[in-house]
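Below is one structure, written out as structure tokens; the observations come after it.
The values are calculated or read from the model by the stated rules, or taken from the named source; none is laboratory data. Treat the numbers as computed from the prediction; the structure is a model and nothing was measured. Neighbour counts are summed over all protein chains in view; Cβ atoms, including those assigned to glycine, are modelled from backbone coordinates with ideal geometry.
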Amino acid sequence: MHHRSRHPSDSVTASALLCTLKRFSDGGTSAFFVVIAFCVSVGGGQARAQTARPNAQSVPITSRATASCLVAPRPNSLWSLAQCCARDLKSDPGCRYYSKKDKFIILKDNSRVKPDSYMIIPTTKITGIEDKKIFAPPFVDFWAYGWQQAKTYIDRPAAYTALAINSTTGRTQNQLHIHISCVKPDVAQVLATNAASIGADPATAVQLTLGPDRNTYRVIKVRSLSAADSPYRLVAAMPGAKADMAAQSTAVVGSTTPGSYYVLDTYAHGANRGSAEELLDQYCRG
């Protein structure tokens, strides 16, 4: 004889779906992310629970399983993620924002040592700072777009905010990406101390020793990050840089003066790998 439960609500069915297992970071594969979705049927109704994604765009929960992104191995991981996020912000837990008009996504960096770091990545194939497409719209204005997005995802005062792009030898990914995070307090202090001597002319940039490896940076101060004042164009105007853009590594740091930014550039040579990312505090502890 078959027995039925007297109360339909006593019958509970649960299923778990392992959606994604992958991880990436600019510095190397570092962790994995597992998403488990439970579908519970109680008394004819359904309730769904999903792992939360802090700072992610709000998306409606539907009856369809969340799409998954097949992430390519390095050096093409970020390129595959840019395509996935542009197609569907639910395709990867790191996807945060997509601008179809300006052809970029915002991706959470999921390295364990970069808990407060994001990246702006073009949805067009651009290898990095050496790619000539960086001088064309909309990519030439990515520093301005990145700074605007930092207000949402980093949410720190301008003087504590920083962006950085690494040289070809200072990176592990072959899709352009600008890191968005905080600046190291000692770097901010050196910039503030030398503020009066830092001008706007790329030809006469002030040289400062910065970062844990005490690398030399050429520093100027600007009032905008777009068009003619794009850091790409300003760095290219520094002596010797345009002919060797692949070696350049650039950072932008805010200042205590509203609408004023420091543009810093170093280049790969000798022990200097050309990684302006070294100026960032990606824990935002400052």
**Complete:** Among the residues of region 140-193, the number that are in contact with a strand residue (DSSP E or B) (Cβ under 8 Å, 6 or more places away or on another chain) and part of a loop (DSSP other than H, G, I, E, B) is 10
**Message:** Whether any residue in region 173-190 is under 15 Å from A276 (Cβ atoms), modelled with pLDDT of 95 or more and over 23 Å from the mean Cα position of the chain (by Cα) is what I want to check.
**Reply:** yes
**Prompt:** Mind checking which residues of region 135-174 are within 17 Å of S224 (Cβ to Cβ) and among the β-branched types (V, I, T)?
**Reply:** V140, T161
**Message:** Quick check on this structure: which one of I126, I105 is over 11 Å from the mean Cα position of the chain (by Cα), among the β-branched types (V, I, T) and buried (at least 18 other Cβ atoms within 10 Å of the Cβ)?
**Reply:** I126
**Message:** For a quick check of your reading of the model, give me the residue pairs whose first member lies in region 91-104 and is on the phi < 0 side of the Ramachandran plot, whose second is among the aromatic types (F, W, Y) and assigned to a loop (DSSP other than H, G, I, E, B), with beta-carbon atoms closer than 6 Å and at least 6 apart or on different chains.
**Reply:** P93/F33
**Asked** Mind checking which residues of region 255-286 are surrounded by 15 or more Cβ atoms within 10 Å (Cβ to Cβ) and within 17 Å of the chain's Cα centre (by Cα)?
**Response** S275, A276, E277, E278, L279, L280, D281, Q282, C284
**Contacts under 6 angstrom Cβ, first residue in region 150-177 being over 15 Å from S255 (Cα atoms), partner of a type in the set (V, I, T) and at pLDDT 95 or above, 6 or more apart** = I154/T161; I165/I129; I165/I178; I165/T250; N174/T127; L176/I126; H177/I121
**Request:** Considering only region 195-212, state which residues are assigned to a strand (DSSP E or B) and either of a type in the set (A, V, I, L, M) or in contact with a Lys or Arg (Cβ under 9 Å, 6 or more places away or on another chain) (or both).
**Result:** V206, Q207, L208, L210
**Message:** Here is a list: R96, R74. Which entry is surrounded by 15 or more Cβ atoms within 10 Å (Cβ to Cβ) and farther than 26 Å from S230 by Cβ?
**Reply:** R74
**Request:** Determine whether region 191-208 contains at least one residue that is out of contact with any Ser or Thr (no Cβ under 7 Å at 6 or more places or on another chain), on the phi > 0 side of the Ramachandran plot, touching a residue at least 12 places away in the same chain (Cβ under 8 Å) and not aromatic (F, W, Y).
**Result:** no
**Asked** Got a number for residues in region 117-158 being touching an Asp or Glu at 6+ places or on another chain (Cβ under 8 Å) and closer than 11 Å to S181 by Cα?
**Response** 4
**Prompt:** Looking at region 213-231, which of its residues are in a helix (DSSP H, G or I) and surrounded by fewer than 23 Cβ atoms within 10 Å (Cβ to Cβ)?
**Reply:** A227, A228, D229
